[in-house]
Amino acid sequence: MAHEQAIICYADGYKGGISLKRKISGLLVFFIAAFICSCSLKGSTGAGKDGAAGEQGRKDGAAEDGASGEEAWNRTELQNLDGAAWSGALKYLADGTLRLSVMDQEYENAQVLDSRDNGESWQAADADMSLTTGQEYEYTGKYYSAEGIQYAYSETKLILQGGKGTETKEIHAEEGERFYNAAVSANTLAVTVFNDEYQQLRAEFYDLTAMERRQPDNPELLEYMKTAADFAGGEIALDSSGTVLYIYGDGIGRYDLVEDKFSLLIERDLYDKLMNPNEKNGLIHDVGLLTSFAVNDSEDKIVMTVWDSISQKPRLYRFERGIRKQEKQASKDKLRIYSLKPSSIRYAATFFQEKYPELEVIYETGCTGEDSVTLTDAVRTLNTELMAGEGPDILILDGLPGDSYREKGILEDVTEIVEPEKEKYFYNVISACNEGNTIYQIPTYFNVPVILGDADVLEAKNRDELMEILRTKSGVGIPFLSSENLAEAAVQLFAVSGILEETADEEKLSDYYRDLETIAGLCFSDGEREIFSAYDKMTYWAKQYPDALFDPELDIYFDKAQAGIGRIRDLGNYMKTLSVCKEKNLSYQYLNREKGNYFIARDVIGINRGGKNPDAARQFLQYCLSGEVQKKQELPDISIVRDVLGGERYVSENGEYAGRVSRKYTPDEIMDLYKLTPAELEELITFFEGLDTRVKDDAVVMQKVMEQADACVFDGKDPKSAAADVCREVNLYLNE
């Protein structure tokens, strides 16, 4: 029942080419697509400083376990080059010079640089840069043989030219196959070829004198190539004599063409340790996507370019065989950041660590879902620590009793951080998360529960009025809400119900359960109800709340429902909302607005007064409020920082076509999407400025309430009995 979607096409093209690796292009296209069209699946949960050329690289030490003084591979992160947003096409030339191609952010201003000290310093190369495979590949990088002769290739064609006046040689891929990577040394051309039908990679070699092709049948090499695609592999390098091929895949493989012998130069586990030596403290550490590498003839140095999906930039590394280096780690100040459930604040923590390496940042999750710790257990453990005057420096208050923490004096007053620049933020949202004029809780994101429908539907100010409208509109052939929208409707109707205050109101909760039974009875058949799996019921999605994302817009657009209950959580999602409103002459409104205009606060930051590092905690809060992290890593939900909203990806003067969206299982049903006009963006901003009431968010309560919602809707449990069971348990928890 999950709304799987597929992007059909985009008006905004992506300019990328094979030399930066199709895999990088694919990553970025996916990254852009996900946020243009907000194509999260139901339940989706929600990846430095560039030094100047010539500066010394940073020594990172060895990855292997063992004593100092043993022989080992050590890793060095080399300084990135000024203006080089993309780097690739590494090659050790025959004289030992290391050659690198770089480009700017727009895949333009290509440069070729040489290093004679294995990447420590770089100088402009005296190299031919004229050869391309066609106009469309001019920005894709420059490639060189060990002798410094330029060659170029695309997916289907490879061109070698020794220079002006020399013979040009071309090699073309077979039908249904494409060139994936290429390397040239001496009289040898090596290529990796991808077969579309079998989805497999293989290695081929050409003798450039006779232009003869050879496919090795070494069983170990063949087996290694089968798994290379599983590791996003397939990049290759040749030694200067053209007799040894190195292949990135399950580690770095080594194939001797003369002896027909395959071995591993670097095993996978060692590669991962070398590339990710600091995987600790709960931060996001990505091994990265290797895009190009070169091995020197002595096989004691490997230099590589890696795309870091966390920082969204390339990095340069060198592996060097030598004596193990174990540098003593200086004692660092620690910043502890705690989140009850996995949170996107982990990105902010990771970026903050990169920005301030002198500080040790630790991200902790109380209930990961991967162990036996329950939400209740996690909250009680945290509370014990906090009441003892200990605990994390930063509390991510999503799902936690933030108001209770404020009343008990656990949270720090941060008014002076926010107040002087209040115009930068959706300050009404911040104010609604706090009582009075003192600020203790800062939401860094928010989203808005809404109801989509016609004028009659939007007249409903509360759930009672909505139920009357539902009854009036039932029996017309199209359900009021689709069965796919039930879980979203249930959690949002509870969130804005006012049932949860200091304790849960048993009578109101009983009425809520009766209304859910009515919705189920009027909106879909008993037969549909019987085939609901555990995955589609409220209990499951309560565990994901508030990360689960449903698509009532598509239900309405494709005539599966008259109305829908969902959320406005980013501009891509709002593009879908506007599309269905224009097509069906509908609109949207705050959900259950009788007692206020509700919003869901996300990644709510509070500083623990008992924390050990208050200065770093305040610095982290200021970092998040600067908008830097939101601009670096675009995530679902609306940033509290106003100037993060918008951008040419979503907004244009004339509201141009932006793409199309469909579900995978209904590819013939397509919704067209259009960018917002400035007027439409201002209308949305005005809508956000009307928000004044925060949804009371308690993860333990939500889970208990939805367990009994399933019991009523699917198992026939009496609503009064279900409400009594919930209140008996959660009110005890809330009074602790």
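The values are calculated or read from the model by the stated rules, or taken from the named source; none is laboratory data. What you see is a predicted model, and the numbers here were worked out from it, not measured in a lab. Don't worry about glycine lacking a Cβ; one is built from the backbone with ideal geometry, like all the others, and counts go over all protein chains shown. For the accessible areas, the whole protein counts, side chains as well, though only heavy atoms, and no ligand, DNA or RNA atoms are used. Shrake-Rupley method; radii C 1.70, N 1.55, O 1.52, S 1.80 Å.
I'd like to compare 357-364, 263-270: which one has the highest average count of other Cβ atoms within 10 Å, and what's the full order after that?
Working: 357-364: 17.8, 263-270: 15.0.
Top of the packing list down: 357-364, 263-270.
On the accessible surface of the chain, probed at 1.4 Å, how many percent belong to carbon and sulfur atoms?
Numbers: 13930 of 30490 Å².
The C+S portion of the solvent-accessible surface of the chain is 46 percent.
Work out the FRET efficiency for Thr472 and Lys508 from their Cβ-Cβ distance, taking R0 = 22 Å, and round it to the nearest 0.05. Could you put the intermediate results ahead of the total?
On the way: r = 24 Å, r/R0 = 1.07.
E between Thr472 and Lys508, to the nearest 0.05, is 0.40.
Kindly provide the trypsin sites (Lys or Arg not before Pro) of segment 161-257 that DSSP labels as loop, not H, G, I, E or B, and whose Cβ sees at most 14 other Cβ atoms within 10 Å.
Working: sites: Lys164, Lys169, Arg178, Arg202, Arg213, Arg214, Lys226, Arg254; in loops: Lys164.
Filter output for segment 161-257: Lys164.
Could you check the spin-label model distance between Asp672 and Ser525? Points 7 Å from the Cα along Cα→Cβ, value in nm.
Result for the modelled spin labels: 3.5 nm.
With a Förster radius of 41 Å, plug the Cβ-Cβ distance of Thr209 and Glu370 into 1/(1 + (r/R0)^6) and report the FRET value to the nearest 0.05. Before the final figure, lay out the partial values.
Numbers: r = 58 Å, r/R0 = 1.41.
About 0.10, to the nearest 0.05.
Per residue, what accessible area does the chain have, given a 1.4 Å probe and all protein chains present, in Å²?
Details: 30490 Å² over 736 residues.
Solvent-accessible surface per residue comes out at 41 Å².
Please list Lys576, Lys696, Lys313, Lys582 in order of solvent-accessible area, largest first, computed with a 1.4 Å probe with all protein chains present.
Sorted descending by solvent-accessible area, the residues read Lys582, Lys696, Lys313, Lys576.
What distance in nm separates the simple spin-label points at Thr693 and Asp456, each placed 7 Å from Cα in the Cβ direction?
So the label points at Thr693 and Asp456 sit 2.5 nm apart.
Within the chain, what percent of beta bridges assigned by DSSP are antiparallel, to the nearest 5? Spell out each step's value before the answer.
Numbers: 113 of 126 bridges.
Once the DSSP bridges in the chain are tallied, antiparallel ones form about 90 percent.
If you filter segment 296-387 for trypsin sites (Lys or Arg not before Pro), then keep DSSP loop positions with at most 10 other Cβ within 10 Å, what is left? Intermediate results must be reported in sequence, preceding the final value.
Working: sites: Lys301, Arg315, Arg318, Arg321, Arg324, Lys325, Lys328, Lys332, Lys334, Arg336, Arg346, Lys355, Arg380; in loops: Arg324, Lys325, Lys328, Lys332.
Answer in residue order: Lys328.
Quick check: Cα centre of segment 462-510 to Cα centre of segment 210-232, how many Å?
With segment 462-510 and segment 210-232 each reduced to a Cα centre, they are spaced 59 Å.
With an 8 Å Cα cut-off and a minimum separation of 6 or more residues, compute the relative contact order for segment 261-419 in percent.
Numbers: 192 pairs, mean separation 28.8, N = 159.
Relative contact order comes out at 18 percent.
At a 10 angstrom cut-off on C-beta neighbours, averaged per residue, how do the peptides 480-487, 713-720, 449-456, 589-596 rank from highest to lowest? Provide the component values of the computation, followed by the final result.
Numbers: 480-487: 25.4, 713-720: 15.4, 449-456: 20.5, 589-596: 19.0.
The densest-packed peptide leads the list: 480-487, 449-456, 589-596, 713-720.
Just want the answer: with Cβ charges of +1 for Lys and Arg and -1 for Asp and Glu, which residue in Pro678, Asn462, Tyr425 is farthest toward the dipole's positive end in the chain?
Positive-most Cα among the choices belongs to Tyr425.
Identify the residues of segment 279-310 with backbone N under 13 Å of a label point that sits 7 angstrom from the Cα of Glu77 along the Cα-to-Cβ direction, or state none.
279-280, 284-288, 306-310
Please give the calculated 222 nm ellipticity per residue for the chain, where each DSSP H segment of at least 4 residues contributes -39500 (n - 2.57) and the sum is spread over every residue; nearest 500 deg cm²/dmol?
On the way: 21 runs with 210 residues, N = 736.
The helix contribution divided over the chain gives -8500 deg cm²/dmol.
Kindly write out, for segment 432-444 in residue order, the coupling ³J(HN,Hα) from the Karplus curve 6.51 cos²θ - 1.76 cosθ + 1.60 (θ = phi - 60°), rounded to whole Hz, with x marking Gly and Pro.
Using θ = phi - 60°, the values come out as 5, 8, 9, 9, x, 9, 9, 9, 10, 10, 10, x, 9 Hz.
Can you tell me what share of the DSSP beta bridges in segment 294-375 is antiparallel? A percent to the nearest 5 is fine. Don't skip to the answer; put the middle values down first.
Working: 10 of 17 bridges.
About 60 percent, rounded to the nearest 5.
I'd like the distance separating the alpha-carbon centroids of segment 255-327 and segment 369-429, in whole Å.
If you average the Cα positions of each part, the centres end up 40 Å apart.
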